[in-house]
Amino acid sequence: MSLHDRIEFVFISFIHDKMYSLFMDANKMLLAAGLKKGYSVLEVGCGPGFFTLPAAEIVGDKGIIYANDVNPFAIKKVDKKILKSGLNNVQTMLEDVTETTLKEQSINLVFFFGVIHSLMNILEKTLKEMHRILNAEGSIVIQKGKQSTTVLVERVEGSGLFKLVEEKKRMLIFEKI
Ligand SMILES: C[S@@+](CC[C@H](N)C(=O)[O-])C[C@H]1O[C@@H](n2cnc3c(N)ncnc32)[C@H](O)[C@@H]1O
């Protein structure tokens, strides 16, 4: 990671930590995405962790949040937040989403918030990996970005691995086929 990456991350952290809560309610979004008590959840591209701790509160002691990111600064920041919070049901993972170390069929739900734009060039590989780790009833939830929803849905469904079941609050919810 270069100095540029570091500076960029400090900027992103500032926006997320100080401004996101002015117009986004993490708890509401996560509940709308379908997180439930006891779930094992993968958060793809956790960044500075705006959603990570609220997600951990929702899944509770019997659930777990795997907070994934390729950026070591993000993982370091989330690790600090976890330590400060005293929560013990979050595990950070410094990994590319296309090659996680999660076990097959071990996850109930994967959410992609604020990250899909970065994954469009590796979408098929990402979906294949998500399909591997999700259990039979598993789902992926994608927060829509600036890209065309029609194209995104076509590409996800075109993989033959997921089908769209719901669209709400700027989120697309797909179930594993
Ligand atoms: C804009 S941030 C969003 C952070 C958080 N999800 C939110 O909405 O507040 C996107 C994050 O995705 C991460 N990311 C990008 N490509 C990734 C990949 N292939 N695998 C895992 N993380 C990735 C970036 O490092 C960055 O921290």
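Using a 1.4 Å probe on the protein chains only, how many percent of the accessible area of the chain belongs to carbon and sulfur?
55 percent
According to the Cα gyration tensor, what semi-axes, each the square root of 5 times an eigenvalue, does the equivalent ellipsoid of the chain have, listed from largest to smallest in whole Å?
That gives 23, 19, 16 Å for the three semi-axes.
Hey, can you rank 63-75, 127-139 by average C-beta count inside 10 Å, highest first?
Highest to lowest by the protection proxy: 63-75, 127-139.
Loop only per DSSP, at most 14 neighbouring Cβ atoms within 10 Å: give me the GluC sites (Glu not before Pro) in region 1-100, ordered by residue number.
Glu99
In Å², what does the accessible area per residue of region 3-176 work out to with a 1.4 Å probe?
Per-residue value: 52 Å².
Quick one: which of Lys36/Lys76; Lys80/Lys103; Lys37/Lys80; Lys103/Lys176; Lys144/Lys168; Lys76/Lys125 span more than 21 angstrom between C-alpha atoms?
Beyond 21 Å: Lys36/Lys76; Lys80/Lys103; Lys37/Lys80; Lys76/Lys125.
Antiparallel DSSP bridges in region 44-177: what percent, to the nearest 5?
About 50 percent, rounded to the nearest 5.
The values are calculated or read from the model by the stated rules, or taken from the named source; none is laboratory data. What you are looking at is a predicted structure, and each value in this text was computed from that prediction instead of being measured. All Cβ positions, glycine included, derive from the backbone under ideal geometry; neighbour counts span all protein chains shown. Keep in mind that these areas ignore ligands, DNA and RNA; they rest on the heavy atoms of the full protein, side chains included. Shrake-Rupley method; radii C 1.70, N 1.55, O 1.52, S 1.80 Å.
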